[in-house]
Amino acid sequence: MQELSNSVCIVGVDESDELGTLPETSQLSLHLQSIQNAVSDAGLKISDVDGIFTAGQHSPALLGEALGITPRYIDGTSVGGCSFIIMAGHAMLALHHGLCDVAVVSHGESGRSGVGVTRGRDTSLSGQFETPYGFGGAPTYFGMITTRHMHDYGTTLEQWAQVAVSTRAWACLNPKARFRDPITIEDVLNSRPMFYPFNLLNICLVTDAGGAVVLTRADRAKDCAKKPVYIRGAGEGTEHVMVTEMKNLPLSEATRLSGEKAFKMAGVSHGDFDHIMLYDAFSSGPPIMLESLGFCKPGEGVSFFEEGRGTPGGSLPINTNGGGLSYTHSGMYGIFPMIEATRQLRGECGERQVPNAKLSLVNGMGGMLSAAGTLVLSNEA
């Protein structure tokens, strides 16, 4: 595992031309815009790309055809929103072993407008054994996880609200964020009730958006346009599909496993990080991930936000782009934490730039904490 550490770099990142409500833009166009923008960010050409990694409704074969290239390596791993984080680890392996030379991890999703989206009825295990009992989507599933956390550890609605307030404070500093007006705990508590224990401002946005990440081997990265960001460690894990089958509800075994793998490969510990990006489909997600990753004891993840550690000016900035709660969230959010972490480590974030950021953690979930991907990224080899 150690020979993989720092062998591959992220050399280009970018979003689609626009983020938000885009009823005239297809999912495929969101992919292609993001790839073109990220490849240009790297100072490369589309013809340089020979590895395609994507998840969702479009296959890597379709992207290759639309881009006019014949890839040497493809990956369509799809385990939810963290798939793109996991794919960065897969791309690291493919690049390290020479199966491709320039890899693109791409996301495009018309989550709000539904352009080109195929809807389907759930006939899987959860469709048979959970949906009939009132679980009708992510807010209800994560609502159960969150209320269990409140029961076990005494966390409160006010504490979950603080996460949304902190994340919005970062969004105020990001010109690309959907919502940039400051909010208070009272604003969150008084927003429209949705699914207990969540009000509207506890729940992520629903947008149309795309994003892409370009990777290559470290020995080639010096030829690219931007300072390389090294993948120092990568890990993945899965545990369950049905929330009712979680072994340690409300904590995530998949998150713990993926974190341990990434930390071991990178040779780092919790106190080494300058910056953290966590998947925040709901305001309770980041605290639960911090607990599952071992940054604190169960029930204490909210303290990072209550004490201001994760907020602008805090000692460990968290979700500096404004997160899925305020920046963008198309449905599968995992590409965007990688984009933000890369920009932070390259010093490109303007008002929200974390001073002297050298080591960033990216962690994301898939499904209802069912799967997880973790990356340790560094701007130093």
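The values are calculated or read from the model by the stated rules, or taken from the named source; none is laboratory data. The model shown is predicted, which means the values in this text are computed figures rather than measured ones. No Cβ is skipped: glycine too gets one built from the backbone with ideal geometry, and neighbour counts run over all protein chains shown. Quick note on the areas: whole protein, heavy atoms, side chains included, nothing else; ligands and nucleic acids left out. Shrake-Rupley method; radii C 1.70, N 1.55, O 1.52, S 1.80 Å.
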Of all C-alpha pairs within region 1-129, those more than 19 angstrom apart amount in percent to 52 percent
For the chain, dividing by residue count, accessible area per residue (probe 1.4 Å) in Å² works out to 38 Å²
Dividing the alpha-carbon radius of gyration of the chain by 2.2 N^0.38 Å, where N counts its residues, gives 0.91
With the 8 Å Cα cutoff and a minimum separation of six or more residues, region 94-250 has a relative contact order in percent of 36 percent
Region 38-85: spread of alpha-carbon positions along the three principal axes, whole Å, largest first, is 30, 21, 16
Subtracting the Cα-Cα distance of His151 and His96 from 0.36 nm times their residue separation yields 15.2 nm
Taking 0.36 nm per residue of separation between Met194 and Ala66 and subtracting their Cα-Cα distance, the length gained on full extension comes to 42.1 nm
Filtering GluC sites (Glu not before Pro) in region 270-370 by DSSP loop and by at most 15 other Cβ atoms within 10 Å leaves Glu300, Glu307, Glu348
Averaged over all viewing directions, the convex hull of the alpha carbons in region 328-374 casts a projected area in nm² of 3.8 nm²
Listed by chain and number, the lysines with an alpha carbon less than 27 angstrom from that of Lys247, same-chain partners under 8 positions apart left out, are Lys261, Lys264, Lys297
Among beta bridges assigned by DSSP with both residues in the chain, the antiparallel ones amount in percent, to the nearest 5, to 75 percent
If R0 = 45 Å, then Gln128 and Gln2, at their Cβ-Cβ distance, give a FRET efficiency to the nearest 0.05 of 0.55
Going residue by residue through region 281-295, the Karplus relation 6.51 cos²θ - 1.76 cosθ + 1.60 with θ = phi - 60° gives ³J(HN,Hα) values, rounded to whole Hz and with x marking Gly or Pro, of 5, 9, 5, 7, x, x, x, 5, 5, 4, 5, 5, 7, x, 6
Over region 225-381, the quotient of the Cα radius of gyration and 2.2 N^0.38 Å is 0.97
Any GluC sites (Glu not before Pro) in region 1-73 that lie in a DSSP loop and have at most 16 other Cβ atoms within 10 Å would be Glu3, Glu18, Glu24
Rounded to two decimals, the Rg over Rh value of region 184-261 from Cα coordinates and the Kirkwood Rh reads 1.14
Pseudo-spin-label distance Ile185 to Lys358, built 7 Å along Cα→Cβ, given in nm, is 3.6 nm
Taking placed amide H atoms and a strict 5 Å upper bound, the residues 5 or more places from Gly294 or on another chain that come that close are none
Hits in region 351-381: amide N under 20 Å from the 7 Å Cα→Cβ extension of Glu245, namely 365-373
The answer for Val8, listing residues at least 5 apart or on another chain whose modeled amide H is closer than 5 Å to its amide H, is Ala218, Ile231
Packing-ranked peptide list from 44-53, 258-267, highest mean Cβ count within 10 angstrom first, is 258-267, 44-53
Any lysines whose Cα falls less than 22 Å from that of Lys45, other than same-chain ones fewer than 8 residues away, would be Lys222, Lys226, Lys227
Counting only protein heavy atoms and leaving out ligands, DNA and RNA, the solvent-accessible surface of Cys296 at a 1.4 Å probe, in Å² to the nearest 10, equals 30 Å²
So Glu348 and Ser269, fully extended at 0.36 nm per residue minus their Cα-Cα distance, gain in nm 25.9 nm
